[in-house]
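The values are calculated or read from the model by the stated rules, or taken from the named source; none is laboratory data. No experiment lies behind these values; they were computed from the predicted model shown. Ideal geometry is used to build each Cβ from the backbone, glycine not excepted, and the neighbour counts take in all protein chains shown.
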Amino acid sequence: MGKIVSIVDDEPDIVTLFHDALVGIGGVIIFTFTDPISALEHFQENQHAYVLVISDYRMPGLNGMELLRKIKDMNKLVRTILTTGFDIDDDIFHKYIKQKIINGFVQKPVRIYDLIKEVDTQLHDYEIQKVYPSQ
């Protein structure tokens with residue numbers, strides 16, 4: 001299996017939009033989930049193939065920040081992007097940024113160019129940290 005990028009959002013239209021925007025990136029396989037629990041289960045089974053998880057913040061069952069924390073607990077190398085349409089002024093959010101549990105942030109509504117740019121940055125950073133793990 002190739003390198004996995006997953007998109008997790010409880011809004012099917014957002015998942016489809018993000019998938020269509022990112023499907024042209026070479027060398028990655030994109031999985032989409034509208035349920036964060038299913039996304040976490042897939043990650044557990046395939047964690048060493050994952051390079052990036054893009055997650056919405058507000059979702060039923062498991063919010064995006066906790067999903068990304070659980071993912072980082074299993075695989076510190078995987079890159080993460082949190083998205084939301086809401087303002088986040090949360091101590092946990094700032095703590096997770098500082099601890100690099102959240103590697104990138106994209107505010108909704110998302111311009112496709114900004115999403116692609118952030119994904120490209122995170123994929124690049126993933127490759128760099130494989131070469132220089134202490135970074």
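For the stretch 82-90, check the following and say yes or no: at least one residue is in contact with a Leu (Cβ under 6 Å, 6 or more places away or on another chain) and either crowded, with 18+ Cβ neighbours inside 10 Å or at positive phi (or both). Show your work before the answer.
First pass over the stretch 82-90, keeping only residues in contact with a Leu (Cβ under 6 Å, 6 or more places away or on another chain): none.
Among the residues of the stretch 82-90, not one is in contact with a Leu (Cβ under 6 Å, 6 or more places away or on another chain) and either crowded, with 18+ Cβ neighbours inside 10 Å or at positive phi (or both), which makes the answer no.
It is to be established whether one or more residues within the stretch 97-104 are out of contact with any Lys or Arg (no Cβ under 9 Å at 6 or more places or on another chain), loosely packed, with under 14 Cβ neighbours inside 10 Å and not basic (Lys, Arg). No: zero hits.
Of the set (1) of a type outside the set (Asp, Glu); (2) closer than 19 Å to Leu115 by Cβ; (3) modelled with pLDDT of 95 or more, all apply to Gln44 but (2). Quick one: is Asp56 surrounded by 22 or more Cβ atoms within 10 Å (Cβ to Cβ), on the phi < 0 side of the Ramachandran plot and touching a strand residue (DSSP E or B) at 6+ places or on another chain (Cβ under 9 Å)? For Asp56, the condition - surrounded by 22 or more Cβ atoms within 10 Å (Cβ to Cβ), on the phi < 0 side of the Ramachandran plot and touching a strand residue (DSSP E or B) at 6+ places or on another chain (Cβ under 9 Å) - is met. Among all residue pairs at least 6 apart or on different chains, which show Cβ distances below 6 Å where the first residue, located in the stretch 111-135, is loosely packed, with under 12 Cβ neighbours inside 10 Å and the second is not aliphatic (A, V, I, L, M)? Matching pairs, first to second residue: Gln135/Gln129. Among the residues that make up the stretch 33-42, is at least one of them under 28 Å from Pro133 (Cα atoms), under 11 Å from the mean Cα position of the chain (by Cα) and outside any helix (DSSP H, G or I)? Looking for residues that are under 28 Å from Pro133 (Cα atoms), under 11 Å from the mean Cα position of the chain (by Cα) and outside any helix (DSSP H, G or I), one finds none in the stretch 33-42, hence no. Looking at the stretch 1-16 only, could you name the residues that are farther than 19 Å from Met65 by Cβ and part of a loop (DSSP other than H, G, I, E, B)? Of everything in the stretch 1-16, those that are farther than 19 Å from Met65 by Cβ and part of a loop (DSSP other than H, G, I, E, B) turn out to be Met1, Gly2. Kindly check whether there is at least one residue in the stretch 82-89 that is polar (S, T, N, Q) and at pLDDT below 95. Yes, there is a match, as at least one residue in the stretch 82-89 is polar (S, T, N, Q) and at pLDDT below 95.
In the stretch 17-31, the qualifying residues are those that are touching a residue at least 24 places away in the same chain (Cβ under 8 Å) and assigned to a loop (DSSP other than H, G, I, E, B), and the one that is farthest from the chain's Cα centre (by Cα) is Gly27.
From the list Ile101, Ile116, Ile112, pick out the single residue that is within 16 Å of the chain's Cα centre (by Cα) and more than 16 Å from Val51 (Cα to Cα).
Numbers: Ile101 fails: more than 16 Å from Val51 (Cα to Cα); Ile116 fails: more than 16 Å from Val51 (Cα to Cα).
It is Ile112.
None of Lys108, Lys70, Lys95 is more than 21 Å from Asp10 (Cβ to Cβ) and not acidic (Asp, Glu) except Lys95.
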